[in-house]
Amino acid sequence: MKLHHLRNATLVIETEKHVILIDPMLGKRKTIAPFTLFRYKPKRNPLKALPKNSREILSKVTHCLITHLHPDHLDKAGEVFLRRNSIPVICNAKDESVLTKRGLTIVQTLDYWQPQDFLDGKITGIPALHGYGLVAKLMGNVMGFYIELENEKSVYISSDTIFTKDVEKVLKELKPDIATVACGTARLDFGQPLLMRMSDILKFTALAPGNVFANHLEALNHCPTTREELKLALENSDLLSKTAVPNDGECVEY
């Protein structure tokens, strides 16, 4: 199994039989308004262009999973790509009507904690809580995915979430071979962080039974944590050896 990190939370899971795109933010630099104006510099997003090898990787995509509707996970360019190529989309049942109206081909919808057949295996929708405190309510519905394909390592796409009992349950009971975690420590101009604080990233990584794949870094103006800061924190906690912190365009083989 290969995990191709494109940018932010956009990644591609490639197996011998399937190529699954997660959360396509595929637009050019500066095509999305800043997410903060005061707390961090009001730069337009994404801060970086897609890597040069993204076109080749995207040309192989067979399916797409969408965790939630924020533009840094599904932008207009991502929608155009999915429509033009008639890519089958799998999403949260709560997002089906919105995505159908946008012209996407929804082939499967998921409810939390209800396993379903998926390709040659299973998929389970996992609750995700997008922030600490009141800000999570403003962020809306988010779904992670636990994916088990035939003769492949199991993958937990935790999505934009803080550390919760549901997250802990996946790591302890489902025991994913690979667990992705959003590490940018995003914040708006008000309220608490929208993603795990560093202490919870380290807790997640320590509890993960297998490999950890860190993303949601250095692509948006409201995500201050850098790859180097994350690597240093992981190293100081003796967790770097089990964690991939890929650069944009990098492929990690498992």
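The values are calculated or read from the model by the stated rules, or taken from the named source; none is laboratory data. Note that this is a predicted model, so its numbers are computed, not measured. Glycine gets a Cβ as well: all are built from the backbone with ideal geometry, and neighbour counts include every protein chain shown. Ligands, DNA and RNA are stripped out before the accessible areas are found, and what is left, the full protein with its side chains, is counted by its heavy atoms. Shrake-Rupley method; radii C 1.70, N 1.55, O 1.52, S 1.80 Å.
Please list, in chain and number order, the residues 5+ apart from LEU26 or on another chain whose amide H is under 5 Å from its amide H, with Hs placed from the backbone.
It is ASP75, ALA77, GLY78, by chain and number.
Report the calculated FRET efficiency for VAL107 and ASP177 (r = Cβ-Cβ distance, R0 = 35 Å), to the nearest 0.05.
After rounding, the FRET efficiency stands at 0.85.
So, with a 1.4 angstrom probe, what is the percent of accessible area on segment 61-122 that is carbon and sulfur?
Of the solvent-accessible surface of segment 61-122, carbon and sulfur hold 49 percent.
Highest mean first, how do 221-229, 141-149, 79-87 rank when packing is the count of other Cβ atoms within 10 Å averaged over residues?
141-149, 221-229, 79-87
Please compute the Kirkwood hydrodynamic radius over segment 45-121, one decimal place, Å, based on all pairs of different Cα atoms.
Result for segment 45-121 stands at 13.7 Å.
Rounded to the nearest 5, what is the percent of antiparallel bridges among the DSSP beta bridges in the chain?
Expressed as a percentage, antiparallel bridges in the chain total about 55.
Put a dot 7 Å past each Cα toward the Cβ at VAL252 and LYS28; how far apart are the dots in nm?
In this crude label model, LYS28 to VAL252 measures out at 3.1 nm.
In nm, to one decimal, how far is the modelled label at GLU96 from the one at ARG44, with both set 7 Å along Cα→Cβ?
3.7 nm
Stick to Cα atoms and the Kirkwood definition of Rh, then tell me Rg/Rh for segment 77-147.
1.01
Could you give me D for the chain, from Stokes-Einstein at 37 °C and 0.692 mPa s, where the hydrodynamic radius is the Kirkwood radius over C-alpha pairs? Units µm² s⁻¹, please.
Result for D is 182 µm²/s.
Using only alpha carbon pairs under 8 Å that are at least six residues apart, calculate the relative contact order of the chain and give it in whole percent.
RCO, the chain: 20 percent.
Across segment 1-86, how large is the tail of the calculated P(r) beyond 19 Å, expressed as a percent of all Cα pairs?
37 percent
Given a cut-off of under 8 Å on Cα pairs at least six residues apart, what relative contact order in percent is computed for segment 1-147?
17 percent
How long are the three semi-axes of the equivalent ellipsoid of segment 164-249, in whole Å, if each is the root of 5 times an eigenvalue of the C-alpha gyration tensor, listed from largest down?
21, 16, 11
Per residue, what accessible area does segment 142-236 have, given a 1.4 Å probe and all protein chains present, in Å²?
With the other protein chains kept in place, segment 142-236 gives 36 Å² per residue.
Rounded, prolate or oblate: pick one for segment 1-148, where a ≥ b ≥ c are the square roots of the eigenvalues of its C-alpha gyration tensor, a/c under 1.5 means rounded, and failing that, prolate if a/b is larger than b/c, else oblate.
Verdict is oblate for segment 1-148.
Kirkwood Rh over alpha-carbon pairs of segment 137-214, then Stokes-Einstein at 10 °C and 1.306 mPa s: what D in µm² s⁻¹, rounded to an integer?
Diffusion coefficient, whole number: 122 µm²/s.
Starting from a Cα-only point model with no solvent, please compute log10 I(q)/I(0) by Debye for segment 1-51 at q = 0.16, 0.25, 0.30, 0.32 1/Å.
Scattering profile of segment 1-51, log10 relative to I(0): -0.55, -0.91, -1.09, -1.15.
Please report, in whole Å³, the volume per residue of the convex hull around the C-alpha atoms of segment 65-188.
That works out to 114 Å³ per residue.
Tell me the per residue accessible area of segment 13-137 using a 1.4 Å probe; a whole number in Å² is fine.
51 Å²
Based on DSSP H runs of at least 4 residues, each adding -39500 (n - 2.57), what is the mean residue ellipticity at 222 nm of the chain after dividing by all its residues, to the nearest 500 deg cm²/dmol?
-5000 deg cm²/dmol
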